[in-house]
Structures are given as structure tokens and as C-alpha cells.
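Asks: I'd like to ask you about the structure that follows.
The values are calculated or read from the model by the stated rules, or taken from the named source; none is laboratory data. Given the structure is predicted, the values throughout are model-derived calculations rather than measurements. We place every Cβ from the backbone using ideal geometry, glycine too, and count neighbours over all the protein chains shown. We work out accessible area using only protein heavy atoms, side chains counted, and drop any ligands, DNA or RNA first. Shrake-Rupley method; radii C 1.70, N 1.55, O 1.52, S 1.80 Å.
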Amino acid sequence: MLQATEKIWHNGQLISWDDAKIHVLSHVVSYGSSVFEGVRCYDTASGPAIFRAPEHARRLLDSAKIYRMDLGYSIEDLTRAMVDVVRVNGLRSCYIRPIVLRGYGDVGVLPKGNPLETYIACWSWGKYLGEDCLFQGVDVCVSSWTRIAPNTLPALSKAAANYMNSQLIRMEAAANGYAEGIALDASGYVSEGSGENIFVVRDGKVLTPPLGASVLPGITRDTIVKIAEQLGITVVETIIPRELLYIADEVFFSGTAAEVTPIRSVDRVTIGAGHRGPVTEKIQKRFFEIVTGSRRDEFGWLTPVSGVPEAEPVTA
Ligand SMILES: Cc1ncc(COP(=O)(O)O)c(C=O)c1O
């Protein structure tokens, strides 16, 4: 259950959590007209730090531009707002959710007279696919639902409407006892999970579908590519046929929520040794060293949030 915090950032002001409400006839409710982000803030030894905040802000602006939404905020404004909302709520680690939506005004598909509203909320959050999954891996299926096709809903925009497709994938997977579903693109090649990008390891090389395979340009996807480069592991963006999943040495998901989650089976076919493989382990280890600040931030990926007191030590 969502843990409420005190404040939410709204159009430049910090408002109370309970006041962050919209009218049921807001454009977004009928037509799904919002774009959003999911960002993590990690508790590091030198205080809370938001992971790749400017990159998330940039993707939010990109998502909005595709839908002709002009927020009037810059990458710097949005990054500062994320820092402010974490600080004011006094959180050491949390999930941050910026949302831009078309609000209350006229009713009709053509958005006119519907003001854009920008909100940024944050709250405490644990592991998305479960704590053990980071080590043991998850059991997933290939979805019977196809990912949004090119020139229908733009996959490069992280728009709420895309998540109706994600919901179908995720609900079907859950109904059949899987942790997650992998969608194929309109050509039948591997696209991504309902909320994660996917990577396949074969013969020591790491493969991931290109942006043209209806994938979200994941910030973690980009992080994995850069970490792999640093570790001397070759990454290739290429079309991936479904059956390559079954014969892969390793498969893993990446995402802000899922972080780096190994996949131990696909459609009940065991992947590799049936648990986290060595390449996934190396990349995952480096990922957590960086995000938790236990390794020098050589990529400049952490935006510090100053002024958040340390949690009271728990006494027996
Ligand atoms: C559909 C989809 N693909 C991929 C991702 C991973 O993107 P990121 O690493 O930026 O969180 C997400 C999560 O935001 C997603 O919802």
C-alpha cells in the first residue's frame, strides 16, 4: 500500500499530499493524456541521491514534446523540483513520480482549454519484483499480447496510454502464475517487459532490442550499456527472435523499478543454470555499487539531496 508523504510538487509549489487532486472530467481521465516518469532516490553514505535525475527530466520533456505538450519547465527546473520534493518529505530513499497531465477544461479529444498540470510526488518503496528475485531470478512468459506497434502509440514517449498495453501483459502473466510478461513487437521479435527493458546474454555477448522494436528508451537500459562497456563486455542492439530467449545463457530485465533482475525461466524453459548467471551478476553488482554510492560516481549519475537527516537508529 502506498505510504503517503507530506508534500507533492505542483506547478512550482509544494502542496499537501491530500490536495493533489484532479476533477473526474479532466482530459487525462477520458483520453489517457499524460506522460510521466519513474525515478529512484538511493540512500548513500553521503545522503540521499537521485539516480540520473536530469536524464529522467529530459525523457519527460521528450515524452511531452511528442504529444505537443509544452510544460514551460527546463531539465534543470525539473531536476531541482525532484530534489526539493525529496528533501521536504525527509526521505532517505524513495521512488519519485513526475506526471504531466492535461487537466480540466473542455471535454473532447482535441485538447483545447485543458491546462497542463505538472506534479512530482515521492514515497518510500521497496523492490518491484521482490527482494529475493535480484539473486534467484524470476519466472516469466512471452505474452500473447503484442507490444504497441510503430505509428500507433509512440513507444519513445512514456505516456500513460501505453500502460493499458502494459497492464494487459502484466495481468495475463500474473493470471498464469508468472512474475512478468515479455511482449513481442508487431513483427514478432522480442520487445520488452510490461515495465522493463530486456537483455539476452549468449557466448559472453549482451544483446538488447533496438529502439525500433517498440521499446521505451530506458534510463537503466542506457546505464547497463555504459556499465557493460566499462566492464569490457560487448553489447549489441539487435533484433531478437523469441526462440533466442530459450537458448540464451542468461536473460535479465532492467528498469528503475526492477533495477537489474535476472530471469531464470521463460515459458517454463530454464534459462542457463536456472539462476543469476555470471554476466548478469557482474553488471548487477556494478549497478548497485554505483547507485548506492559505494563506488565513486565516475559517470556523474547521482544528484545529491542535502539536508535530509539520518533516520533515528532503532534501539532495542
Ligand atoms: C515499458 C517500460 N519499458 C522499460 C522501462 C525501463 O525504463 P527505465 O530504466 O527508464 O526505468 C520501463 C520503466 O520505466 C517501462 O515502463
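Asks: Would you call residue 248 in contact (Cβ under 8 Å) with a residue 24 or more places away in the chain, surrounded by 19 or more Cβ atoms within 10 Å (Cβ to Cβ), in a helix (DSSP H, G or I) and more than 13 Å from the ligand (Cβ to nearest atom)?
Replies: Judged against the criteria, residue 248 is not a match.
Asks: Something else about it: Quick check: anything in region 209-216 in a strand (DSSP E or B) and open to solvent by less than 60 Å² (accessible area, probe 1.4 Å)? Working first, answer last.
Replies: Just the residues of region 209-216 that are in a strand (DSSP E or B), to begin with: none.
No, the conditions are met nowhere in region 209-216.
Asks: For the structure I just gave you, tell me whether residue 153 is within 16 Å of the ligand (Cβ to nearest atom) and open to solvent by 50 Å² or more (accessible area, probe 1.4 Å). Give the derivation first.
Replies: On the way: within 16 Å of the ligand (Cβ to nearest atom): yes; open to solvent by 50 Å² or more (accessible area, probe 1.4 Å): yes.
Criteria met by residue 153.
Asks: What number of residues within region 217-241 satisfy the criterion of being part of a loop (DSSP other than H, G, I, E, B), farther than 19 Å from residue 148 by Cα and within 13 Å of the ligand (Cβ to nearest atom)?
Replies: 0
Asks: Being near the ligand (Cβ under 10 Å from one of its atoms) and either open to solvent by 60 Å² or more (accessible area, probe 1.4 Å) or touching a strand residue (DSSP E or B) at 6+ places or on another chain (Cβ under 8 Å) (or both) narrows it down to one residue among 117, 196, 172, 131; which is it?
Replies: Testing whether each residue is near the ligand (Cβ under 10 Å from one of its atoms) and either open to solvent by 60 Å² or more (accessible area, probe 1.4 Å) or touching a strand residue (DSSP E or B) at 6+ places or on another chain (Cβ under 8 Å) (or both) leaves just 196.
Asks: Report yes if residue 91 is open to solvent by less than 50 Å² (accessible area, probe 1.4 Å), of a type in the set (A, V, I, L, M, F, W, C), touching a Leu at 6+ places or on another chain (Cβ under 7 Å) and not in a strand (DSSP E or B), otherwise no.
Replies: no
Asks: Continuing with the same structure: Please enumerate the residues belonging to region 13-44 that are free of Cβ contacts under 8 Å to residues at least 24 places away in the same chain and open to solvent by 40 Å² or more (accessible area, probe 1.4 Å). Before you say what the answer is, go through the steps one by one.
Replies: If we filter region 13-44 for residues that are free of Cβ contacts under 8 Å to residues at least 24 places away in the same chain, which is where we start, we get 13, 15-16, 18-19, 21, 24, 29.
Passing the criteria: 13, 16, 18, 19, 21, 24, 29.
Asks: If I ask for residues that are farther than 17 Å from residue 203 by Cα and within 16 Å of the ligand (Cβ to nearest atom), which ones from region 264-285 would you list?
Replies: Selection gives 284 alone.
Asks: Taking the stated definitions as given, is residue 253 within 29 Å of residue 171 (Cβ to Cβ), in a strand (DSSP E or B) and near the ligand (Cβ under 10 Å from one of its atoms)? Write out each step before concluding.
Replies: Values: within 29 Å of residue 171 (Cβ to Cβ): yes; in a strand (DSSP E or B): yes; near the ligand (Cβ under 10 Å from one of its atoms): yes.
Criteria met by residue 253.
Asks: Does residue 58 count as part of a helix (DSSP H, G or I), within 16 Å of the ligand (Cβ to nearest atom) and buried (at least 16 other Cβ atoms within 10 Å of the Cβ)?
Replies: Yes, satisfied.
Asks: A further question on this structure: Between a residue in region 61-72 that is without any contact (Cβ under 8 Å) to a residue 60 or more places away in the chain and in a loop (DSSP other than H, G, I, E, B) and any residue that is basic (Lys, Arg) and surrounded by 14 or more Cβ atoms within 10 Å (Cβ to Cβ), which pairs come within a Cβ distance under 8 Å, given they are 6 or more apart or on different chains?
Replies: These pairs meet every condition: 69/102.
Asks: Between 274, 293, which is of a type in the set (Gly, Ala, Ser), outside any strand (DSSP E or B) and surrounded by 16 or more Cβ atoms within 10 Å (Cβ to Cβ)?
Replies: So the residue among 274, 293 that is of a type in the set (Gly, Ala, Ser), outside any strand (DSSP E or B) and surrounded by 16 or more Cβ atoms within 10 Å (Cβ to Cβ) is 293.
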